[in-house]
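Comments concern the structure below.
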Amino acid sequence: MVCSASLADAEGFHEEMESIQRGKTVKKVTESRGMDGMAQAFHITPGLAVGITAAIGLAALVLPIYMPSSAPGMPFKIRSLSYITLLFGFYMAWNIGANDVANAMGTSVGSGALSLRQAVLTAAVLEFSGAFMVGSHVSHTMQSGILTAGVFSGKDSLLFCGMLSSLGAAGTWLQVASYFGWPVSTTHCIIGALVGFGLVYGGIGAVYWNSLARVVASWVVSPVLGAVVSFVVYRCIRTFVYSAPNPGQAAATAAPIAVFLGAAALSFTVFPAKASLGMAAAQALGLGFLAAILITIVIRRQLGGLLGLYCELPAEDQGDDKAAKQLPSLMGKVEGPKGTQLHIVYSVFGYLQVLSACFMSFAHGANDVANAIGPISAALAILHGTGLNTSAQPSMPIDVLAWGGFGIVAGLLVWGYRVIATIGQKITELTPTRGFAAEFAAATVVVLASRLGLPISATHTLVGAVMGVGFARGLNSLRGEVVREIVASWMVTIPVGAFLSVVYTFILTRLVPSLV
């Protein structure tokens with residue numbers, strides 16, 4: 001059955017109207033202040049938004065009293081300082097949720113694959129799961145891999161104040177960035193705070209300079225890699241899917257391949273087999289095939305009727321352009337499909353984008369929770385007398401992992417919609433194909449870098465990937481003022497974190513009594 005031109009025009013107009021409406025909704029939400037923005041994002045009343053925020057605040061104040069890490073059997077001074085430490089950690093985790101979770105869900109919202117409400121609730125579950133289940137694997141570096149603890153031997157009070165100040169400094173800058181909708185790197189922020197404290201109060205020898213050099217290098221590497229990969233992915237979609245005789249069928253064929261590659265790479269990197277490289281590869285291939293089979297079943301069940309009925313492009317697209325479509329060019333200009341074919345392509349890539357966003361959300365919770373609980377556990381180790389100068393890897397309490405996950409979810413619920421909207425709509429207009437290209441590219445770069453041990457920023461990678469999609473569409477598709485604003489916020493993140501950490505340490509050393 002051949003689609004009519006009138007149907008193509010009608011559905012194309014419908015897609016355009018949906019995009020305009022999404023843009024208006026995002027603009028309305030991001031321009032709102034206080035509880036009005038949260039209420040509009042979740043489609044709830046301002047009163048209910050106030051109630052949710054108050055409940056989160058009450059839980060943040062009460063729960064630390066009953067946590068094992070608050071040292072219930074120790075003197076009152078240690079218990080009080082433990083309570084304060086957990087509050088500082090919650091503040092940092094809250095701001096991670098408010099700012100960094102946009103890494104996973106921003107493009108899904110911008111393309112319309114998920115509503116703002118669906119994205120926030122999905123990310124809340126996956127971020128907490130990743131933080132609680134896998135978060136301890138990446139927290140040791142933030143706990144004892146940035147500062148040389150031996151330099152602070154005999155200065156437990158100073159080191160304790162430095163850890164709290166770093167949490168407070170990083171949290172402060174993240175809160176400012178979240179308020180204005182700037183997607184900054186929480187990793188760079190907390191490292192900048194720790195380095196600033198170490199330099200001023202411990203000297204040059206207090207910092208592991210190799211770690212700092214790698215972080216600075218990642219400023220350039222991560223967004224460039226994200227942009228390059230997303231550019232290639234999106235151009236491949238336009239060349240081999242949009243230019244195919246049947247774009248809908250081509251999209252349905254490409255989906256299992258993309259899911260296989262993504263699932264296999266993620267499995268091989270995040271869940272490696274302990275026996276051998278061969279077993280790890282076999283495990284990755286098995287999970288990749290399983291994921292590909294599942295996505296094929298889903299697509300056939302949801303779109304099987306459309307794939308069977310609308311198997312051809314509109315008649316006017318099969319005439320003079322047929323020869324051109326047989327010789328696709330990766331860099332050439334490609335006209336996208338229309339009508340029902342466009343609906344099928346967008347539906348397929350909508351599924352793919354949601355899956356990639358879920359994977360990235362879980363991985364983000366597992367990795368970035370370390371930015372909060374690493375310094376928390378270090379400060380608690382000082383308070384409880386275990387210290388950081390031992391060669392053994394410091395312990396990571398289960399309740400602290402859960403506390404970090406709760407903080408991320410709380411920040412996501414109250415303020416996360418602001419940065420999600422920035423990545424989702426303000427840099428460049430996104431559709432399911434563009435959103436998938438950005439998300440898949442960012443996830444691929446992060447997974448490969450993790451395997452190679454390269455410390456890149458997920459925030460910078462995804463923003464670079466979104467920009468790469470904009471480049472693939474043409475320079476006029478990028479909103480230059482938004483890009484300049486984001487890059488400026490990146491440049492000042494480490495210096496601001498360092499400065500605030502020094503100031504907060506100066507204040508805390510005069511307020512916190514000696515721990516000796």
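Exactly one residue out of Ser377, Ser356 is buried (at least 24 other Cβ atoms within 10 Å of the Cβ), in contact with a Pro (Cβ under 7 Å, 6 or more places away or on another chain) and touching a residue at least 40 places away in the same chain (Cβ under 8 Å), and it is Ser377.
If we scan the range 340-352, do we find a residue that is at pLDDT 75 or above, under 27 Å from Val463 (Cβ atoms), out of contact with any Gly (no Cβ under 9 Å at 6 or more places or on another chain) and not small (Gly, Ala, Ser)? Yes, that holds for at least one residue. Could you list all residues from the range 491-507 that are at pLDDT 90 or above and hydrophobic (A, V, I, L, M, F, W, C)? Listed by number, the residues that qualify are Val496, Ala498, Phe499, Leu500, Val502, Val503, Phe506, Ile507. Confirm whether Ala410 is farther than 16 Å from Gly365 by Cβ and modelled with pLDDT of 70 or more. When the stated conditions are applied, Ala410 does not pass them. Only one of the numbered conditions (1) of a type in the set (Ser, Thr, Tyr); (2) within 30 Å of Phe349 (Cα to Cα); (3) at pLDDT below 80 is violated by Tyr234, and that is (3). Scanning the range 174-191 for residues that are among the hydrophobic types (A, V, I, L, M, F, W, C), touching a helix residue (DSSP H, G or I) at 6+ places or on another chain (Cβ under 7 Å) and modelled with pLDDT of 80 or more turns up Leu174, Ala177, Cys189, Ile190, Ile191.
Could you tell me whether Ser211 is modelled with pLDDT under 80 and of a type in the set (Ser, Thr, Tyr)? So Ser211 passes the test. Considering (1) buried (at least 17 other Cβ atoms within 10 Å of the Cβ); (2) under 29 Å from Val419 (Cα atoms); (3) at pLDDT below 50, the lone condition that Val29 does not fulfil carries the number (3). Can you find a residue that is assigned to a helix (DSSP H, G or I) and without any contact (Cβ under 8 Å) to a residue 24 or more places away in the chain anywhere in the range 101-110? Looking through the range 101-110, none of the residues is assigned to a helix (DSSP H, G or I) and without any contact (Cβ under 8 Å) to a residue 24 or more places away in the chain.
Scan the range 111-127 residue by residue and report those that are in a helix (DSSP H, G or I), among the hydroxyl-bearing types (Ser, Thr, Tyr) and over 21 Å from Ala402 (Cα atoms). Residue satisfying the conditions is Ser111 alone. Restricted to the range 450-472, and to residues there that are hydrophobic (A, V, I, L, M, F, W, C) and not in a helix (DSSP H, G or I), the residue that is modelled with the lowest pLDDT is Leu454. Restricting attention to the range 222-261, the residues that are of a type in the set (Gly, Ala, Ser) and surrounded by fewer than 23 Cβ atoms within 10 Å (Cβ to Cβ) add up to 6.
Considered as a group, the residues in the range 145-167 that are of a type in the set (Gly, Ala, Ser) and crowded, with 23+ Cβ neighbours inside 10 Å include one that is farthest from Ile96 (Cα to Cα), and that residue is Gly162. Condition test on Phe197, is it at pLDDT 80 or above, hydrophobic (A, V, I, L, M, F, W, C), touching a helix residue (DSSP H, G or I) at 6+ places or on another chain (Cβ under 9 Å) and under 30 Å from Leu352 (Cα atoms)? Against the criterion (at pLDDT 80 or above, hydrophobic (A, V, I, L, M, F, W, C), touching a helix residue (DSSP H, G or I) at 6+ places or on another chain (Cβ under 9 Å) and under 30 Å from Leu352 (Cα atoms)), Phe197 does not qualify. Given the criteria at pLDDT 75 or above and either among the aromatic types (Phe, Trp, Tyr) or closer than 17 Å to Gly435 by Cα (or both), does Leu116 qualify? So Leu116 passes the test. Suppose we filter Leu159, Leu126 for residues that are under 23 Å from Asp368 (Cα atoms), modelled with pLDDT under 85 and not small (Gly, Ala, Ser); which single one remains? Going through Leu159, Leu126 in turn, the sole match is Leu126. Of the residues making up the range 211-236, those that are in contact with a helix residue (DSSP H, G or I) (Cβ under 9 Å, 6 or more places away or on another chain) and either among the charged types (D, E, K, R) or closer than 14 Å to Gly192 by Cα (or both) are Ser211, Leu212, Val215, Val216, Ser218, Trp219, Arg235.
Of all residue pairs spaced 6 or more apart or on separate chains, those with beta-carbon atoms under 9 Å, a first member in the range 195-208 that is surrounded by fewer than 21 Cβ atoms within 10 Å (Cβ to Cβ) and a second member that is assigned to a helix (DSSP H, G or I) and of a type in the set (S, T, N, Q) are Val200/Ser501; Val200/Thr505.
The values are calculated or read from the model by the stated rules, or taken from the named source; none is laboratory data. Given the structure is predicted, the values throughout are model-derived calculations rather than measurements. Here the Cβ is made from the backbone with ideal geometry for all residues, glycine too, and neighbour counts use every protein chain on show.
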